[in-house]
Amino acid sequence: MAGMYRTALARSHRPRRFAELVGQDHVSSTLRAAVESGRVAHAYLFCGSRGIGKTTAARVLAMALNCPDRSDGEPCGVCESCDSIWAGRTTLDVVEIDAASNRGVDDARDLRERAMYAPSDESRYKVYIIDEAHMLTGVAWNALLKTIEEPPPRVIFVFATTEPEKIRQMAAPVLSRCQRFDFRRVSVADLVAHLRKVLEKEEVEAEESALLPIARRAEGGVRDALSLLDQVLSFSGDRVEEDDVRRMLGLVAEEKYLELAQIVKNGDRAAVFPFVQELLDEGYDLGEFLRGLGEAWRVLLGLRMDPDGAASDLPESTRASFTSAAEGFSEEDLMRYLMETVDFEASGRFRRSLQPRIQLEALLLRLASMTSFVEFSDLITALETGEASTGEIAVNAVRARPQPKRTNPRPKRSVSVAKQSAPDTERDEPAVPPAKQ
């Protein structure tokens, strides 16, 4: 059984050099230049969402500062010092602390006392990496403030957080004493390229379009993308194919969205119920379908507005089918469909409902019931040429116009029975003067 153990891709392919950080060139180039020039700050704050390289960048910085074979600000990545830091093993000079479980004032005081000791060698740095730094209490920050402001020689603090605003609220003075780096979500294209490099190192083949769904589902996180790829490899083996990826991730086939787009375009409300039933029969999750529906409308709208620049990350076959479908819609109609879908999803009715199927069917019925948007100039032309009557145009305009919300009218003032029964002619006739005697 021991031979079956395999290190997760997110760990085995963790970067060892600044140049290997994915999608964070603004961070890696600055830190590398600081190490090379010797202008290293005494405190750093790494901010950004989870899984995009904050802790990894902190480790690479610690490796570069303590590597005996450093070159151009880059660590060698293979020496004993680099290997220990890269693996996350606590050493005399590099210590990682999880602030989520070591957040109190006593932990901060212990850290402050340990920071007073010099590094194990004159050429080395003591680096303290505090992960989830926003979990520290306000009292703990106060205990660390003086040490961060005036640290001992060759001592560096690196704080990593997903919620910098919490630190601003609890310990605003700390922010002014740190160099802040905001890590960005990695683009889909960069994630796909990185996944392909990982597969090449693992000697695994992949279909051209198989990695795109993984990169999209990861939402900019390298760690999430590698974890999903690990899951897919366990399912598919030595070759990654798009169908396997979609089945593993529970993604809805793109043909389903094109089929629905045709239903909405034709206004075929009768086809909505069989369509939803077909989704269920094929094992699709309705919540997953709804999440992808807004993206499908967005892609169609992008292709309609900018066919050359929109959805450039789509595979050629998918791009061709979506481009063809987009030609049958106007920009205004696609905007209405997109806004209706996004508003419905944001309302939370689907998630809270005891009958999500009916909620989805109601949304699709509304989409299929929307009449096409008609330009005013086209209406005038239709009248002039006799292609449509005034009545037809009026009806279509009312249907296309969003209806205002109904409000309860104000109660009318009560009117006396005598006034209600009196004919209007009596009020309008002038009074007849009395006859002279």
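Every number in this text was worked out from the coordinates using simple rules, so none of it is lab data. Here the structure is a predicted model, which is why all the values come from computation and not from measurement. Glycine gets a Cβ as well: all are built from the backbone with ideal geometry, and neighbour counts include every protein chain shown.
For the range 14-42 and the range 284-362, compute the distance between their C-alpha centroids and round to whole Å. Each part reduced to its Cα centre gives a spacing of 39 Å.
FRET efficiency for S49 and T371, Cβ-Cβ distance as r, R0 = 56 Å, nearest 0.05? My answer for the efficiency is 0.85. Once divided by 2.2 N^0.38 Å, the Cα radius of gyration of the range 8-182 becomes 0.96.
With the highest mean first, a sort of the peptides 10-18, 274-282 on other beta-carbon atoms found within 10 angstrom per residue produces 10-18, 274-282. Among H42, H26, a tally of other beta-carbon atoms within 10 Å of each Cβ gives an order, fewest to most, of H26, H42.
Residue ranges 58-64, 197-203, 183-189, 48-54 sort as 58-64, 48-54, 183-189, 197-203 when ordered by packing (mean number of other C-beta atoms within 10 Å per residue, highest first).
Taken over the Cα atoms of the range 188-249, the convex hull encloses 65 Å³ per residue.
Using every Cα-Cα pair within the range 128-216, state what percent have a distance larger than 17 Å. The answer is 60 percent, as a whole percent.
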